């Protein structure tokens with residue numbers, strides 16, 4: 001049930017459905033509605049011609065996915081987060097109309113009224129500890145698993161952010177995923193006989209990780225320690241005395257969105273510096289530290305503008321951090337090195353080692369895949385880029401790049417998708433972040449040369465192996 005009165009006039013969810021029975025009933029009603037619509041759609045198709053039938057199918061898939069997305073947004077918790085994660089895999093087995101709708105779950109989430117989260121906070125920290133804080137009841141951010149509130153420590157005025165996990169989220173994971181899996185099958189959004197089990201197993205693992213605020217605290221402190229001496233970055237400080245299993249409190253770090261007009265109006269040099277920082281932190285995370293914050297949502301990155309021009313990236317929310325093995329990074333680096341040098345066998349060696357392709361991958365498909373990889377690394381090899389893509393200094397102009405479109409066209413032309421299975425989870429989440437880096441650089445209109453940063457990180461791998 002939504003409420004417009006509390007929370008400063010913004011629409012909120014007054015009460016979460018936290019008990020497994022009521023959550024299952026909500027999804028069951030959705031499933032029954034989907035079944036009735038499928039029967040009607042199938043009957044209607046008997047009387048349609050082939051062209052109109054295809055058009056009707058596309059509308060039907062979009063409508064089914066929209067109904068599913070709307071209900072997941074109301075339920076929140078693990079079932080909504082699972083919908084978000086499924087949108088990452090969906091391109092491999094769902095109609096494109098359904099993928100587009102599920103992707104919207106990444107961008108919007110209705111907050112829960114303060115009365116719905118306050119008991120969880122008091123249970124976690126205790127009434128005595130809470131009296132030390134003055135907490136704004138209107139959240140500054142709301143997601144699928146929890147929401148964040150501004151706060152101030154009364155003793156010294158320290159500005160804080162209190163992240164509160166929604167009640168019952170962790171305990172509902174298994175029930176939610178089981179019901180959601182059945183619902184997706186019932187909605188006929190997946191191909192016939194498609195096995196969702198391995199995908200849902202991976203989603204479950206990620207959900208458990210993101211519900212572990214203790215581990216998120218460790219990741220946050222680790223990033224803060226690694227970046228303490230780099231003035232380009234700011235990581236919030238964790239306050240353990242105001243943190244618990246379902247609550248994580250950090251210092252409030254000011255900043256504006258990457259999409260803010262003030263950022264877009266910065267001189268080219270300052271936007272380039274921010275873009276360089278965006279790219280380099282990703283390269284260091286993956287190739288050097290082997291731990292990547294895999295959620296590229298712009299809400300997890302802020303820009304702190306400085307009158308002297310020493311702008312900073314504020315890094316937030318490390319719950320989606322994923323650790324990678326040295327072997328995986330080494331094998332992925334083979335793909336990168338092969339792509340940089342145009343060496344198809346090296347690309348194939350690395351892709352096979354990480355499970356992206358099988359040993360029976362057709363030779364023609366491997367050549368096409370290697371050519372696509374060579375084009376993907378275009379920003380790191382400027383001489384391969386179209387002349388219009390480079391500025392006078394030879395730096396890559398991300399703002400006007402049509403590289404993603406060219407890659408998609410190349411993949412479609414060579415029917416590469418026919419030779420791939422659903423990729424390993426490490427790849428899915430890594431490439432989500434990599435795509436986010438490209439979008440950030442394009443948003444900034446950055447014009448930078450990334451050859452040296454990449455060479456430096458690849459050299460670091462070689463040193464680690466020697």
Between residue 174 and residue 129, Cβ-based FRET efficiency (R0 35 Å, step 0.05) works out to 0.65
State the extension gain, in nm to one decimal, for the chain segment bounded by residue 197 and residue 308, taking 0.36 nm per residue of separation less the distance between their alpha-carbons. 34.6 nm
Cα gyration tensor, region 323-405 - rounded (a/c under 1.5), prolate or oblate: prolate
Give, in nm to one decimal, the length gained when the segment between residue 229 and residue 138 is fully stretched (0.36 nm per residue of separation minus the Cα-Cα distance). 29.3 nm
Ordering of 366-373, 383-390, 118-125 by packing [mean C-beta count within 10 Å, highest first]: 366-373, 118-125, 383-390
Per 0.36 nm of contour for each residue apart, how much would the distance between residue 261 and residue 218 grow if the chain were fully extended, relative to their Cα-Cα spacing? 12.1 nm
Peptides 246-256, 354-364: what's the order by average Cβ count within 10 Å, highest mean first? 246-256, 354-364
Return, ordered by residue number, the residues of region 307-336 whose backbone nitrogen is under 19 Å from a label point located 7 Å along Cα→Cβ of residue 208. 319-325
Under the classification rounded if a/c is under 1.5, otherwise prolate if a/b is larger than b/c and oblate if not, where does region 254-466 fall, given a ≥ b ≥ c as square roots of the Cα gyration tensor eigenvalues? prolate
Could you tell me the relative contact order of region 189-270? Use alpha-carbon pairs under 8 Å, at least six residues apart, and round to a whole percent. 20
According to the square roots a ≥ b ≥ c of the eigenvalues of the Cα gyration tensor, what is the shape class of region 127-228, taking rounded for a/c under 1.5, prolate for a/b larger than b/c otherwise, and oblate for the remainder? prolate
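Rule-based calculations on the coordinates, nothing more; no lab input. Remember, predicted model here, so these are calculated numbers, not experimental data. Here the Cβ is made from the backbone with ideal geometry for all residues, glycine too, and neighbour counts use every protein chain on show.
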